[in-house]
Structure formats: structure tokens, C-alpha cells
Amino acid sequence: MSIQAPIGQNVSNQDFMIGYLEALSLVERLHRLLLDVIKDEFERVGVLEINAVQALLLFNIGDHEVTAGELKSRGYYQGSNVSYNLKKLVEMGYMHHQRCEIDRRSVRVRLTEKGRNIRDVVAELFARHADGLRDKGVLGQDGIAEITSSLKRMERYWTDQIRYIY
């Protein structure tokens, strides 16, 4: 992807725009790499029936009981069919599902023992990577805090842009 700022901007604005576009590209690539890392881990441990998005769903649900709507509203799974993935995870025995007593249209899901085992594999993978990043000097506590803080500010800005567009 060639990154160019719009014509007519001064050098400072153009440099910022180029940096912004690079950051956007990097966020997108990092998400895809995260899914590849999870997929590779599951191939390594011999878990082949679920995909990386489904594994990430199990990890993010953790010990909570949630609805598909709650998962969608958190925004974790844009670009993936949450309902389809939840249905498959229930069919394969990774999740329990139950109609909500108050709103019969809503289904609440929680992990089964099999789902918690997958969540634990992902948690161990992430713990290994966190240790590796720190131990090899790739990122320290200050670096991770700065990245997280910057991404949260960007998330807030984008959320505000969506909210106030109308």
C-alpha cells in the first residue's frame, strides 16, 4: 500500500497525514497477524476445528455470560459474523446457550469446560508473548502503557466522529 497525503497540504500536515495512514495500515496488519499467530498456535497444539476468530471470541467472553449483541456492541468482531461463529461454537460444544428470560429474542452464551480450555490456550499464548516482548526488550511497561493510551485516545476520537456525524 502506497501512503501519500493529499496534495496541497504543507509539509508538517503532510508528514502527520503520512504517519496517520501508516498507523492505520499497521493496526490493520497487526489484527491480521494476531489472527495468524492464534491460528499457528492452534495448529501447533492440534486444535483444528475452530478458527482464530472463534478462539478470540472464547478468550474475550472468558468467565462472563453475554449476548451476541453485547459482543457486537463491544466492536471486537467487525467484519466477522458473530451470530454464525457463536452458533458454530455452540454446535461444537464450546459454549452453552440459553434464551434470556426477559427478552426471549435474546440468547445468552457462556463457555463450557471445552471452551474454557481453548480460552486458557489463548491466555497462555498471550502470556508467553507478553513475557517475550518484555524479556527481549521489545516493549517495557512504559512502552505498552503509551501504546495503549494512544490507541484509546484514537478509539475515543473515532467513536466521537461516528456519534456526531448526524
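Annotations for the structure displayed:
- Solvent-accessible surface of region 54-166, averaged per residue with a 1.4 angstrom probe and all protein chains in place: 70 square angstrom.
- Region 35-59-region 94-163 distance, computed between alpha-carbon centres (Å): 14 Å
- Computed over neighbours whose Cβ is under 13 Å from that of THR148, the net charge equals 0, Lys and Arg +1, Asp and Glu -1.
- Element breakdown for the chain at a 1.4 angstrom probe: carbon and sulfur atoms account for 54% of the accessible area.
- Working from Cα pairs under 8 Å separated by at least six residues, relative contact order for the chain is 17 percent.
- Applying a threshold of 24 Å to the alpha-carbon distances of LYS88/LYS152; LYS88/LYS114; LYS39/LYS152 flags LYS88/LYS152; LYS39/LYS152 as lying beyond it.
- Efficiency of FRET between VAL47 and LEU133 - r from beta-carbon atoms, R0 22 angstrom, step 0.05: 0.35
- Taking the average, over residues, of other Cβ atoms within 10 Å as the packing measure, peptides 141-149, 126-134 rank 126-134, 141-149 from highest down.
- Report note on the peptides 110-117, 27-34: ranked by the mean count of other C-beta atoms within 10 Å, highest first, their order is 110-117, 27-34.
The values are calculated or read from the model by the stated rules, or taken from the named source; none is laboratory data. Note that the coordinates shown come from a computational prediction; the quantities given were computed from them, not determined experimentally. Virtual Cβ from ideal backbone geometry, glycine too; neighbours counted across all protein chains shown. Accessible surface is based on the protein model in full, side chains and every heavy atom, while ligands, DNA and RNA are left aside. Shrake-Rupley method; radii C 1.70, N 1.55, O 1.52, S 1.80 Å.
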